[in-house]
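What follows is a set of notes on a single structure, which appears directly below.
All of the numbers you see were taken from the coordinates with simple rules; none came from a lab. Small disclaimer: the values here were computed from a predicted structure and weren't measured. Neighbour counts run over all protein chains shown; Cβ positions are idealised from the backbone, glycine included.
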Amino acid sequence: MADFQKDATQPFSFEDIKEEDQRIILKAVYDALSEKGYNPVSQLVGYILSEDPTYITTHKNARSLIRRIDRDELLKDLVRSYLGVR
């Protein structure tokens, strides 16, 4: 029985990868905003609400990075995370 468990197929989820990619991108953008002296949370909220990329610095390519995230998906993930639901 132990051999069966060892060779069991691992589930694969694109959502897990997408969410982890979003987390990495958000962290990089957060860090770039912090380095430039901005309040990163306020700047990210401004971007999310308006979709205006000028809220995000070009430092460390942060503005290009944030555009790789689908804003609607990000909002859904943030609400799910805040509420602790999937």
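Cβ under 13 Å from Tyr55's Cβ, Tyr55 left aside: what net charge do those residues give with Lys, Arg +1 and Asp, Glu -1?
Taking every Cβ under 13 Å from that of Tyr55, the sum is +2.
Determine the sum of side-chain charges near Tyr38: Lys and Arg each +1, Asp and Glu each -1, restricted to other residues whose C-beta is under 14 angstrom from that of Tyr38.
Around Tyr38, the charge tally is +1.
So, by mean Cβ neighbours within 10 angstrom, what's the order for 36-43, 54-61 with the highest one leading?
Ranking the peptides 36-43, 54-61 by packing returns 54-61, 36-43.
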